[in-house]
Amino acid sequence: MSVMNTGGNPQLNRHGELNHLLTIEGLPRDVLTRILDTAAPFTEVAEREVKKLPLLRGKSVFNLFFENSTRTRTTFEIAAKRLSADVINLNISTSSANKGETLLDTVDNLAAMQADMFVVRHASSGAPYLIAQHLAATDRDHIHVVNAGDGRHAHPTQGLLDMYTIRHYKKDFTQLTVAIIGDVLHSRVARSQIHALNILGVPEIRVIAPKTLLPTGVERLGVRVFNDMREGLRGVDVVMMLRLQNERMQGALLPSTQEFFKSWGLTPEKLALAKPDAIVMHPGPMNRGVEIDSAVADGKQAVILPQVTFGIAVRMAVMAMLGGN
Ligand code: CP
């Protein structure tokens, strides 16, 4: 029987529990906090020993990545295997999606193979929603959908692992000034970060970018806009860099990558304007010499690789909460 919520938040069931993870927007703070709290012991287990937990034993997790990925796809696979799931990585380039099969026909066929969870990355915003709606409409919403990045819309597990990283280093969200810098316009990561930071009570969220790389009305998301990087960086606790999303750009939004680096690249000299103990984050993949100088990316304040490691624990938490025995 379906427990899908017919109104309100489509990713929560009628008991207020996560049934899918499609976006951070609109999630109650206690759900976000529960995910971070659930991830904590998984990080500790992973640091001590690589031992499997039985929470997804007998469950099949299908990774459906219609767009390239290194970190998200691999850490979802590691996370699912650590929870004892069977993991199937559909190779989209050799799948029947290339012969004209629709997304929902692909989903129906994989559901007929007794899928328990779909982890979906897609270039089209809303693709994971479409799948979740389709499963609900056909009374199969016992199959969980996790959004692994859809178009410019959302990348919720990236947002969550970023929050986990901030909490790990800074403890209290309610005392922080956080700067998000770069191509906000095309970034699903930035949207997920902004929603999560607001939900968790961060008092000052700054976005620092040229006007051409900011969505219209971005202030309405609860951020302060800075068009001068030096001004925006002053006194911040957390610096979150974004990748220039060349693949999503239409037309000439920038003069050149060299010019971009000069005005918007994070160098040691600009980072010195932030608090001395500020941390530097980047979701990856990084464009060295475009949005970030190697001296910063490999420097003492960077927590970019710990972000990746925390991603395993956070994805374990999400999958365990959705489909755990
Ligand atoms: N941060 C992120 O989504 O990286 P991938 O594209 O490598 O998964």
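The values are calculated or read from the model by the stated rules, or taken from the named source; none is laboratory data. Nothing here was measured: the structure is a model prediction, and the numbers come from that model. When we count neighbours, we look across all protein chains shown, and the Cβ atoms used for this are built from the backbone with ideal geometry, even at glycine.
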*With A297, A274 as the choices, which residue is free of Cβ contacts under 8 Å to residues at least 60 places away in the same chain and surrounded by 12 or more Cβ atoms within 10 Å (Cβ to Cβ)?*
A297
_Selection count, region 51-90, where residues are assigned to a loop (DSSP other than H, G, I, E, B) and more than 16 Å from the ligand (Cβ to nearest atom)_ = 9
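Per-residue answers, yes or no, for (1) modelled with pLDDT of 95 or more; (2) of a type in the set (S, T, Y); (3) within 16 Å of the ligand (Cβ to nearest atom):
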{"site": "I208", "(1), (2), (3)": "yes, no, no"}
{"site": "M229", "(1), (2), (3)": "yes, no, no"}
{"site": "M240", "(1), (2), (3)": "yes, no, yes"}
{"site": "L244", "(1), (2), (3)": "no, no, yes"}
{"site": "L254", "(1), (2), (3)": "no, no, no"}
{"site": "A274", "(1), (2), (3)": "yes, no, no"}
{"site": "S294", "(1), (2), (3)": "yes, yes, no"}
{"site": "M316", "(1), (2), (3)": "yes, no, no"}
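Would you mind listing the strands (runs of 3 or more DSSP E) fully within region 99-188 where at least 1 residues are more than 16 Å from the ligand (Cβ to nearest atom), touching a Cys at 6+ places or on another chain (Cβ under 9 Å) and in contact (Cβ under 8 Å) with a residue 24 or more places away in the chain?
Correct list: empty, since no element meets the threshold.
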*Breaking point among (1) surrounded by 15 or more Cβ atoms within 10 Å (Cβ to Cβ); (2) outside the structural domain of A85 (by TED's automatic domain parsing); (3) of a type in the set (G, A, S); (4) closer than 23 Å to Y169 by Cβ, for A313*: (2)
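Table: residues versus (1) more than 19 Å from the chain's Cα centre (by Cα); (2) at pLDDT 95 or above; (3) within 16 Å of the ligand (Cβ to nearest atom); (4) surrounded by fewer than 22 Cβ atoms within 10 Å (Cβ to Cβ).
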residue: N198; (1), (2), (3), (4): no, yes, no, yes
residue: R224; (1), (2), (3), (4): yes, yes, no, yes
residue: R234; (1), (2), (3), (4): yes, yes, no, yes
residue: Q258; (1), (2), (3), (4): yes, no, no, yes
*For G222, are the conditions met, namely being free of Cβ contacts under 8 Å to residues at least 12 places away in the same chain and of a type in the set (G, A, S)?*
no
